[in-house]
Amino acid sequence: MFLRRLIIPVCIFFLLQVKAQNMVDSRAVKGLDNTYLEDQFYAGLAYNFITDLPANVVLRNLSYNLRFGFVKDLPLNAQRNFGLGVGFGYDVNSYYTNMVAEEINGDIGYRLTLPTENINRTKLETHAVEFPLEIRWRTSNSEDYKFWRIYGGVKSSYVFSRRSKTVSDSGSSSFSNTDVRNWQHGLTLSFGYNTWNIQLFYALNPLLEDGVTLNTEPIALRPLRVGVVFYIL
């Protein structure tokens, strides 16, 4: 009697296991994977254009953006090709111009470089943690990793390091530039096929705080970035 009571549950258990495995195999064949996600690591490289420059201020050298991080995928439909992406990453920017930032007795001032100064370069460099939020559409599925994608959204970045640096024939000097806003916000768009994708970013707020001027003219410095971004599953 005891053996019979033991055998019956064991048989039922194995039958259920076989049925469940058959369902999984059938679903895999049809490409219906309810757990499929596009969680991704990303790395991007872009050129920093700057809009709203004061008169006579120009970009010089290679003003660049470098970023990398991770995005968690949150599908919103049964096909799992449309959803949200919430991420966290690191972002570094360098802006080269002909504008010198100087700190004198705790006050920060700005002026244009002079031809007689032999200044090689002046730059503003920022380091930040970024928090992207994306609406994501793609043609992918659980078995095809080469697909078209369009990701658009917003990104907020907290700047934890900001330095202005001047390099001349006689040496270099730098200081922490507190005129840079702590929080930077902007619109993002990336699109492409497979690994290679174009990325765009447009800042919603100026790089510097309100009230910062060059010869009484406001210095807004609103970044516009164009580059490439790579997604790694």
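The values are calculated or read from the model by the stated rules, or taken from the named source; none is laboratory data. This one's a predicted model, so the numbers in the text were calculated from it and none came from an experiment. All Cβ positions, even for glycine, are placed from backbone atoms using ideal geometry, and neighbour counts span all protein chains on display.
How many residues does region 89-107 hold that are assigned to a loop (DSSP other than H, G, I, E, B) and either modelled with pLDDT under 90 or within 30 Å of GLU134 (Cβ to Cβ) (or both)?
From region 89-107, those assigned to a loop (DSSP other than H, G, I, E, B) are 98, 105-106; that's our starting set.
Filter again for either modelled with pLDDT under 90 or within 30 Å of GLU134 (Cβ to Cβ) (or both), leaving 105-106.
Total meeting the criteria: 2.
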Answer from PRO54, PRO75 - the residue that is at pLDDT below 95 and buried (at least 18 other Cβ atoms within 10 Å of the Cβ): PRO54
Test: TYR110 is more than 20 Å from TYR231 (Cα to Cα), of a type in the set (Ser, Thr, Tyr) and either assigned to a strand (DSSP E or B) or modelled with pLDDT of 95 or more (or both): yes
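May I ask you to say which residue of PHE88, PHE131 is of a type in the set (A, V, I, L, M, F, W, C), more than 29 Å from VAL58 (Cβ to Cβ) and exposed (fewer than 15 other Cβ atoms within 10 Å of the Cβ)?
PHE88
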The lone exception for GLN199 - which of (1) in a strand (DSSP E or B); (2) polar (S, T, N, Q); (3) surrounded by 13 or more Cβ atoms within 10 Å (Cβ to Cβ); (4) in contact with an Asp or Glu (Cβ under 9 Å, 6 or more places away or on another chain) it fails: (4)
For region 191-216, how many residues meet the condition of being within 18 Å of GLU38 (Cα to Cα) and hydroxyl-bearing (Ser, Thr, Tyr)? 2
Give the residue that is farthest from ARG136 (Cα to Cα), with candidates limited to residues of region 202-231 that are assigned to a loop (DSSP other than H, G, I, E, B) and among the β-branched types (Val, Ile, Thr). THR216
How many residues, within region 151-164, are surrounded by 13 or more Cβ atoms within 10 Å (Cβ to Cβ) and either at pLDDT below 95 or touching a His at 6+ places or on another chain (Cβ under 6 Å) (or both)? 1
